[in-house]
Amino acid sequence: MARLDAHYQETNRRHGYENPSFADGPLPSRLARTFVAADGDVADLTDDDTLVTTGVGMTGPPHLGTLGQLSTARRLQAAGVDVQFVLADLEPYHGGRDLDAVRSLAERFRAFAVDCGFDPDAGRLRTQEAAREVMHTGHLLAPYYDGSCWPDFEPTAWEESVSEAYEAVERPSRGPTSEAAAHHSAVLHLADFLHPLRTGYDRVVLVFGIDEHGLTPAARAFLADTPVEGSVAGIYTRMVPGLGNAPKMGRSLPGSGIHLGMNPERIRALLTGPEADADRPADSPAFQAMCLASPFDAARLDELEAACRADDETWADGRAEYAEFVADRAARWQRG
(Lines give C-alpha, C1' and ligand atoms only; values in the text may rest on other atoms or scores of the structure.)
Protein backbone atom coordinates (compact mmCIF):
# COMPACT_ATOMS: atom_id res chain seq x y z
CA MET A 1 0.00 0.00 0.00
CA ALA A 2 1.28 3.48 -0.87
CA ARG A 3 2.12 5.32 2.31
CA LEU A 4 0.53 8.58 3.30
CA ASP A 5 3.71 10.08 4.74
CA ALA A 6 5.38 9.58 1.35
CA HIS A 7 2.37 11.24 -0.29
CA TYR A 8 2.73 14.28 1.95
CA GLN A 9 6.42 14.62 1.12
CA GLU A 10 5.89 14.17 -2.60
CA THR A 11 2.96 16.61 -2.71
CA ASN A 12 4.98 19.25 -0.86
CA ARG A 13 7.97 18.72 -3.16
CA ARG A 14 5.97 18.92 -6.39
CA HIS A 15 4.01 22.03 -5.49
CA GLY A 16 6.46 23.89 -3.29
CA TYR A 17 4.28 23.59 -0.21
CA GLU A 18 5.82 24.14 3.18
CA ASN A 19 5.66 21.92 6.22
CA PRO A 20 3.79 24.22 8.63
CA SER A 21 5.17 24.85 12.09
CA PHE A 22 3.44 26.44 15.05
CA ALA A 23 6.39 26.64 17.41
CA ASP A 24 6.03 30.44 17.55
CA GLY A 25 3.01 32.67 17.61
CA PRO A 26 -0.44 32.38 19.14
CA LEU A 27 -1.50 29.03 17.63
CA PRO A 28 -1.10 25.92 19.78
CA SER A 29 1.74 23.52 18.94
CA ARG A 30 -0.90 20.76 18.91
CA LEU A 31 -1.83 21.92 15.39
CA ALA A 32 1.57 20.80 14.09
CA ARG A 33 0.21 17.26 14.48
CA THR A 34 -2.86 18.18 12.43
CA PHE A 35 -1.40 20.00 9.44
CA VAL A 36 1.04 18.54 6.91
CA ALA A 37 1.29 21.20 4.19
CA ALA A 38 0.81 24.91 3.57
CA ASP A 39 0.30 26.64 0.21
CA GLY A 40 0.95 30.37 0.35
CA ASP A 41 0.99 32.81 3.23
CA VAL A 42 -0.51 31.19 6.32
CA ALA A 43 1.38 33.28 8.87
CA ASP A 44 -0.49 35.16 11.61
CA LEU A 45 -3.89 33.54 11.15
CA THR A 46 -5.23 35.71 13.98
CA ASP A 47 -4.87 38.83 11.83
CA ASP A 48 -8.16 40.78 11.76
CA ASP A 49 -8.16 40.88 7.95
CA THR A 50 -7.91 37.10 7.60
CA LEU A 51 -10.74 34.57 7.50
CA VAL A 52 -10.01 30.87 7.78
CA THR A 53 -12.68 28.87 6.01
CA THR A 54 -13.35 25.16 6.11
CA GLY A 55 -16.34 22.86 5.91
CA VAL A 56 -17.70 19.45 5.15
CA GLY A 57 -19.78 17.70 2.55
CA MET A 58 -22.84 15.90 3.85
CA THR A 59 -23.79 12.52 2.46
CA GLY A 60 -24.26 10.65 5.72
CA PRO A 61 -23.12 10.54 9.36
CA PRO A 62 -19.82 12.28 10.19
CA HIS A 63 -16.72 10.12 9.76
CA LEU A 64 -13.37 10.57 11.48
CA GLY A 65 -12.27 13.07 8.83
CA THR A 66 -15.36 15.17 9.53
CA LEU A 67 -14.68 14.98 13.24
CA GLY A 68 -11.14 16.10 12.45
CA GLN A 69 -12.35 19.16 10.54
CA LEU A 70 -14.59 20.11 13.45
CA SER A 71 -11.78 19.58 15.96
CA THR A 72 -9.41 21.70 13.87
CA ALA A 73 -11.96 24.50 13.50
CA ARG A 74 -12.59 24.48 17.25
CA ARG A 75 -8.87 24.67 18.06
CA LEU A 76 -8.31 27.51 15.61
CA GLN A 77 -11.29 29.38 16.98
CA ALA A 78 -10.09 28.91 20.56
CA ALA A 79 -6.73 30.41 19.52
CA GLY A 80 -8.44 33.60 18.34
CA VAL A 81 -8.73 32.81 14.62
CA ASP A 82 -11.79 34.06 12.73
CA VAL A 83 -13.27 30.83 11.35
CA GLN A 84 -16.02 30.11 8.85
CA PHE A 85 -17.41 26.56 8.78
CA VAL A 86 -19.54 25.78 5.74
CA LEU A 87 -22.03 22.90 5.69
CA ALA A 88 -22.09 22.16 1.96
CA ASP A 89 -25.76 21.23 1.66
CA LEU A 90 -26.38 22.35 -1.92
CA GLU A 91 -23.61 20.10 -3.24
CA PRO A 92 -25.51 16.86 -2.45
CA TYR A 93 -28.74 18.52 -3.60
CA HIS A 94 -27.17 19.27 -6.98
CA GLY A 95 -26.16 15.62 -7.00
CA GLY A 96 -29.78 14.50 -6.83
CA ARG A 97 -30.44 14.08 -3.12
CA ASP A 98 -33.84 15.01 -1.72
CA LEU A 99 -33.90 18.63 -0.56
CA ASP A 100 -35.82 17.97 2.65
CA ALA A 101 -33.44 15.16 3.58
CA VAL A 102 -30.44 17.41 2.91
CA ARG A 103 -31.94 20.18 5.04
CA SER A 104 -32.60 17.78 7.88
CA LEU A 105 -29.05 16.42 7.74
CA ALA A 106 -27.62 19.95 7.65
CA GLU A 107 -29.53 20.85 10.81
CA ARG A 108 -28.12 17.77 12.55
CA PHE A 109 -24.60 18.69 11.42
CA ARG A 110 -25.05 22.23 12.69
CA ALA A 111 -26.18 21.04 16.12
CA PHE A 112 -23.34 18.52 16.22
CA ALA A 113 -20.74 21.18 15.36
CA VAL A 114 -21.92 23.27 18.30
CA ASP A 115 -21.90 20.18 20.53
CA CYS A 116 -18.28 19.58 19.47
CA GLY A 117 -17.36 23.06 20.71
CA PHE A 118 -17.62 25.33 17.68
CA ASP A 119 -18.98 28.72 18.78
CA PRO A 120 -21.28 30.17 16.07
CA ASP A 121 -21.34 33.52 17.87
CA ALA A 122 -17.56 33.84 17.62
CA GLY A 123 -17.39 32.66 14.00
CA ARG A 124 -19.58 31.64 11.09
CA LEU A 125 -21.40 28.32 10.99
CA ARG A 126 -23.64 28.25 7.95
CA THR A 127 -25.18 26.22 5.18
CA GLN A 128 -24.88 27.12 1.52
CA GLU A 129 -28.64 27.40 1.10
CA ALA A 130 -29.07 29.96 3.88
CA ALA A 131 -26.22 32.21 2.71
CA ARG A 132 -28.14 34.12 0.06
CA GLU A 133 -25.50 36.86 -0.07
CA VAL A 134 -22.92 34.24 -1.10
CA MET A 135 -25.30 33.07 -3.85
CA HIS A 136 -25.44 36.69 -4.98
CA THR A 137 -21.64 36.76 -5.16
CA GLY A 138 -21.75 33.55 -7.16
CA HIS A 139 -24.11 35.10 -9.70
CA LEU A 140 -21.95 38.23 -9.98
CA LEU A 141 -18.81 36.15 -10.55
CA ALA A 142 -20.42 33.59 -12.88
CA PRO A 143 -19.48 35.51 -16.07
CA TYR A 144 -15.81 34.98 -15.19
CA TYR A 145 -16.14 31.20 -14.80
CA ASP A 146 -15.27 28.87 -17.66
CA GLY A 147 -14.02 25.85 -15.73
CA SER A 148 -10.36 26.41 -16.60
CA CYS A 149 -9.37 27.27 -13.03
CA TRP A 150 -9.43 23.65 -11.82
CA PRO A 151 -5.91 22.17 -11.75
CA ASP A 152 -4.99 18.87 -13.36
CA PHE A 153 -2.29 17.42 -11.11
CA GLU A 154 -0.31 14.30 -11.89
CA PRO A 155 -1.32 11.80 -9.19
CA THR A 156 1.10 10.57 -6.56
CA ALA A 157 1.44 6.85 -5.86
CA TRP A 158 -0.99 7.20 -2.96
CA GLU A 159 -3.55 9.04 -5.11
CA GLU A 160 -3.27 6.31 -7.73
CA SER A 161 -3.95 3.70 -5.04
CA VAL A 162 -7.05 5.64 -3.96
CA SER A 163 -8.33 5.75 -7.55
CA GLU A 164 -7.72 2.03 -7.96
CA ALA A 165 -9.57 1.30 -4.71
CA TYR A 166 -12.62 3.25 -5.86
CA GLU A 167 -12.55 1.66 -9.32
CA ALA A 168 -12.60 -1.79 -7.72
CA VAL A 169 -15.85 -1.00 -5.91
CA GLU A 170 -19.17 -1.27 -7.67
CA ARG A 171 -21.18 1.75 -6.64
CA PRO A 172 -24.01 3.71 -8.20
CA SER A 173 -22.78 6.74 -10.09
CA ARG A 174 -23.82 9.95 -8.42
CA GLY A 175 -22.97 13.32 -9.85
CA PRO A 176 -24.62 16.59 -10.83
CA THR A 177 -28.14 16.03 -12.12
CA SER A 178 -27.62 18.39 -15.05
CA GLU A 179 -24.95 20.48 -16.73
CA ALA A 180 -26.46 23.57 -15.11
CA ALA A 181 -26.28 21.92 -11.67
CA ALA A 182 -22.60 21.11 -12.26
CA HIS A 183 -21.78 24.72 -13.12
CA HIS A 184 -23.90 26.13 -10.28
CA SER A 185 -22.24 23.81 -7.80
CA ALA A 186 -18.73 24.72 -8.95
CA VAL A 187 -19.35 28.49 -8.97
CA LEU A 188 -21.06 28.37 -5.57
CA HIS A 189 -18.13 26.37 -4.17
CA LEU A 190 -15.72 29.07 -5.34
CA ALA A 191 -18.03 31.83 -4.11
CA ASP A 192 -17.88 30.27 -0.64
CA PHE A 193 -14.15 31.08 -0.73
CA LEU A 194 -14.15 34.45 -2.50
CA HIS A 195 -17.22 36.10 -0.96
CA PRO A 196 -15.31 37.12 2.20
CA LEU A 197 -12.86 39.07 0.02
CA ARG A 198 -15.80 41.12 -1.28
CA THR A 199 -16.99 41.89 2.24
CA GLY A 200 -13.95 43.27 4.07
CA TYR A 201 -11.30 40.56 4.33
CA ASP A 202 -7.91 40.80 2.66
CA ARG A 203 -7.00 37.11 2.90
CA VAL A 204 -8.85 33.83 2.96
CA VAL A 205 -7.07 30.69 4.16
CA LEU A 206 -8.66 27.39 3.18
CA VAL A 207 -8.40 24.47 5.59
CA PHE A 208 -9.07 21.02 4.11
CA GLY A 209 -7.62 17.54 4.01
CA ILE A 210 -4.58 17.33 1.77
CA ASP A 211 -6.61 15.21 -0.67
CA GLU A 212 -8.43 18.46 -1.55
CA HIS A 213 -5.34 20.66 -1.96
CA GLY A 214 -6.44 21.51 -5.52
CA LEU A 215 -9.14 23.80 -4.12
CA THR A 216 -6.62 26.52 -3.27
CA PRO A 217 -5.04 26.94 -6.74
CA ALA A 218 -8.54 26.72 -8.23
CA ALA A 219 -9.81 29.54 -6.01
CA ARG A 220 -6.63 31.52 -6.67
CA ALA A 221 -6.91 31.13 -10.44
CA PHE A 222 -10.59 32.07 -10.43
CA LEU A 223 -9.85 35.08 -8.22
CA ALA A 224 -7.29 36.30 -10.77
CA ASP A 225 -9.99 36.32 -13.48
CA THR A 226 -12.46 38.37 -11.43
CA PRO A 227 -12.46 42.00 -10.25
CA VAL A 228 -12.27 40.84 -6.62
CA GLU A 229 -9.10 41.79 -4.74
CA GLY A 230 -7.29 39.87 -2.02
CA SER A 231 -5.34 36.65 -1.59
CA VAL A 232 -6.07 32.96 -1.08
CA ALA A 233 -3.84 30.49 0.76
CA GLY A 234 -4.32 26.93 1.94
CA ILE A 235 -3.28 24.80 4.87
CA TYR A 236 -3.96 21.07 4.73
CA THR A 237 -4.62 18.41 7.32
CA ARG A 238 -3.41 14.84 7.36
CA MET A 239 -5.51 11.89 6.20
CA VAL A 240 -6.38 8.70 8.08
CA PRO A 241 -5.25 5.37 6.58
CA GLY A 242 -8.14 3.04 5.92
CA LEU A 243 -8.95 -0.17 7.71
CA GLY A 244 -8.43 -3.39 5.81
CA ASN A 245 -5.32 -2.00 4.09
CA ALA A 246 -7.40 0.62 2.24
CA PRO A 247 -5.36 3.72 1.29
CA LYS A 248 -7.74 5.96 3.23
CA MET A 249 -10.94 5.87 5.21
CA GLY A 250 -13.57 6.43 2.54
CA ARG A 251 -17.33 6.31 2.83
CA SER A 252 -17.55 4.51 -0.51
CA LEU A 253 -14.81 2.00 0.32
CA PRO A 254 -16.59 -0.79 2.22
CA GLY A 255 -14.94 -1.72 5.49
CA SER A 256 -12.35 1.05 5.28
CA GLY A 257 -13.73 3.60 7.68
CA ILE A 258 -15.31 4.53 10.98
CA HIS A 259 -18.28 6.86 11.09
CA LEU A 260 -20.47 8.12 13.91
CA GLY A 261 -23.55 6.28 12.70
CA MET A 262 -21.92 2.98 13.70
CA ASN A 263 -22.73 1.10 16.88
CA PRO A 264 -20.46 2.56 19.59
CA GLU A 265 -19.42 -0.96 20.60
CA ARG A 266 -18.32 -1.60 17.03
CA ILE A 267 -16.28 1.61 17.09
CA ARG A 268 -14.57 0.51 20.31
CA ALA A 269 -13.77 -2.89 18.82
CA LEU A 270 -12.32 -1.40 15.63
CA LEU A 271 -10.14 1.22 17.30
CA THR A 272 -8.73 -1.21 19.84
CA GLY A 273 -8.42 -4.16 17.44
CA PRO A 274 -5.60 -5.15 15.08
CA GLU A 275 -7.11 -3.49 11.98
CA ALA A 276 -6.48 -0.01 13.39
CA ASP A 277 -2.91 -0.75 14.45
CA ALA A 278 0.48 -0.86 12.72
CA ASP A 279 4.16 -1.03 13.63
CA ARG A 280 4.76 2.47 12.29
CA PRO A 281 2.70 5.32 13.78
CA ALA A 282 2.49 6.81 10.27
CA ASP A 283 0.63 3.68 9.10
CA SER A 284 -1.61 3.27 12.14
CA PRO A 285 -5.23 4.35 11.51
CA ALA A 286 -5.70 4.73 15.26
CA PHE A 287 -2.69 7.00 15.79
CA GLN A 288 -3.32 9.08 12.67
CA ALA A 289 -6.94 9.56 13.74
CA MET A 290 -5.72 10.70 17.15
CA CYS A 291 -3.53 13.34 15.50
CA LEU A 292 -6.45 14.61 13.45
CA ALA A 293 -9.51 14.17 15.66
CA SER A 294 -8.83 13.71 19.35
CA PRO A 295 -8.80 15.75 22.56
CA PHE A 296 -5.13 14.78 23.20
CA ASP A 297 -2.59 17.57 23.52
CA ALA A 298 0.84 17.61 21.85
CA ALA A 299 2.64 16.05 24.82
CA ARG A 300 0.15 13.18 25.00
CA LEU A 301 0.51 12.52 21.27
CA ASP A 302 4.30 12.46 21.62
CA GLU A 303 3.90 9.86 24.35
CA LEU A 304 1.47 7.78 22.30
CA GLU A 305 3.67 7.90 19.20
CA ALA A 306 6.54 6.36 21.19
CA ALA A 307 4.16 3.85 22.76
CA CYS A 308 2.85 2.83 19.32
CA ARG A 309 6.39 2.04 18.19
CA ALA A 310 7.03 0.06 21.37
CA ASP A 311 3.57 -1.56 21.27
CA ASP A 312 3.38 -1.42 25.07
CA GLU A 313 0.60 -1.01 27.63
CA THR A 314 0.58 2.76 27.26
CA TRP A 315 -0.38 2.32 23.61
CA ALA A 316 -3.17 -0.12 24.45
CA ASP A 317 -4.46 2.26 27.13
CA GLY A 318 -4.30 5.21 24.75
CA ARG A 319 -6.23 3.37 22.06
CA ALA A 320 -8.89 2.39 24.60
CA GLU A 321 -9.16 5.99 25.78
CA TYR A 322 -9.48 7.23 22.22
CA ALA A 323 -12.06 4.56 21.41
CA GLU A 324 -14.18 5.83 24.31
CA PHE A 325 -13.93 9.39 23.01
CA VAL A 326 -15.08 8.43 19.50
CA ALA A 327 -17.79 6.11 20.83
CA ASP A 328 -19.11 8.96 22.98
CA ARG A 329 -19.15 11.27 19.94
CA ALA A 330 -21.10 8.60 18.05
CA ALA A 331 -23.62 8.26 20.85
CA ARG A 332 -24.10 12.03 20.93
CA TRP A 333 -24.56 12.16 17.14
CA GLN A 334 -27.09 9.34 17.24
CA ARG A 335 -29.08 11.04 20.02
CA GLY A 336 -29.27 14.22 17.91
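The values are calculated or read from the model by the stated rules, or taken from the named source; none is laboratory data. It should be emphasised that the depicted structure is a prediction, and the values quoted were computed from it without experimental measurement. As a convention, Cβ positions derive from the backbone with ideal geometry for all residues, glycine included, and neighbour counts pool all protein chains shown. Side chains included, ligands, DNA and RNA excluded: accessible areas come from the protein's heavy atoms. Shrake-Rupley method; radii C 1.70, N 1.55, O 1.52, S 1.80 Å.
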**Fill in**
Counting Lys and Arg as +1 and Asp and Glu as -1 over every other residue whose Cβ sits under 12 Å from the Cβ of Arg33, the net charge comes to +1
**Protein-only accessible surface order, largest first, of His139, His7, His94 at 1.4 Å** = His139, His94, His7
**Item:** Apportionment of accessible area to carbon and sulfur, segment 179-336, percent (1.4 Å)
**Value:** 47
**Asked** Ratio of Rg to Rh for the chain, alpha carbon only, Kirkwood?
**Response** 0.94
**Complete:** The answer for the net charge of residues other than Arg3 whose Cβ lies under 14 angstrom from its Cβ, with Lys and Arg +1 and Asp and Glu -1, is -3
**Message:** Just to confirm a number: summing +1 for Lys and Arg and -1 for Asp and Glu over residues other than Phe296 whose beta-carbon lies under 10 angstrom from that of Phe296, what do you get?
**Reply:** -1
**Prompt:** Which distance in Å, rounded to a whole number, links the C-alpha centroids of segment 127-194 and segment 266-327?
**Reply:** 34
**Carbon + sulfur, % of accessible area of segment 1-116 - ligands and nucleic acids excluded, 1.4 Å** = 45
**Message:** Keeping every protein chain present and rolling a 1.4 Å probe, give me the accessible area per residue for segment 235-336 in Å².
**Reply:** 41
**Prompt:** Hey, what's segment 61-113 come to in accessible area per residue, 1.4 Å probe, Å²?
**Reply:** 34
**Request:** Would you mind putting 269-275, 184-190 in packing order, based on average other-beta-carbon counts within 10 Å, highest first?
**Result:** 184-190, 269-275
